[in-house]
Amino acid sequence: MRRVLLGMSQEKLGGRLGLTFQQIQKYEKGANRIGASRLWELSNILEVPVGFFYENAPGAPEHTEGLEESGQRDFVADFIQSGKGLSIIKYFVRINNPDVRRNILNMVRAIAKADENS
């Protein structure tokens, strides 16, 4: 999810780690385990703390910062991984005016409520 949010391809991430994109695919799908030193490298490249990779892990603290607290991690991950979701995020973060951002949020909220009621 973080790689996609940064707009980084599997090939580019693999290149920075000295791996093929196929190896990155295996890591992302959970087919291969990631060693501690590689996890540390990933956290630096993706600009997240190592703990980011442990959210939802067995034995992890129940209350973590970020999306996990709201219980929305899976929903957000699915949204970001969809092409339209990623496009919305990329364009939204380009908007510098906080009033415009607030108006867009209010509009989306109103549309969602109207859709729920129809």
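Below are the figures for this structure:
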| read-out | value |
| --- | --- |
| ALA36 versus ASN106: modelled label distance in nm, points set 7 Å from Cα along the beta carbon direction | 5.2 |
| Packing rank of 106-117, 11-22, where each peptide gets the mean count of other beta carbons within 10 Å, highest leading | 11-22, 106-117 |
| Karplus (6.51, -1.76, 1.60) ³J(HN,Hα), θ = phi - 60°, over the stretch 91-101, in Hz, Gly and Pro reported as x | 6, 4, 5, 7, 7, 8, 6, x, 5, 5, 4 |
| The stretch 11-24 - phi-based ³J(HN,Hα) in whole Hz, Karplus 6.51/-1.76/1.60, Gly and Pro as x | 5, 5, 4, x, x, 5, 9, x, 10, 7, 5, 5, 5, 4 |
| Residues whose placed amide H lies under 5 Å from that of VAL48, excluding near-sequence neighbours | none |
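Any read-out appearing in this document is the output of simple, stated calculations on the displayed coordinates, not a laboratory observation. Computed from a prediction, not measured in an experiment: that's the story for all the values here. As a convention, Cβ positions derive from the backbone with ideal geometry for all residues, glycine included, and neighbour counts pool all protein chains shown.
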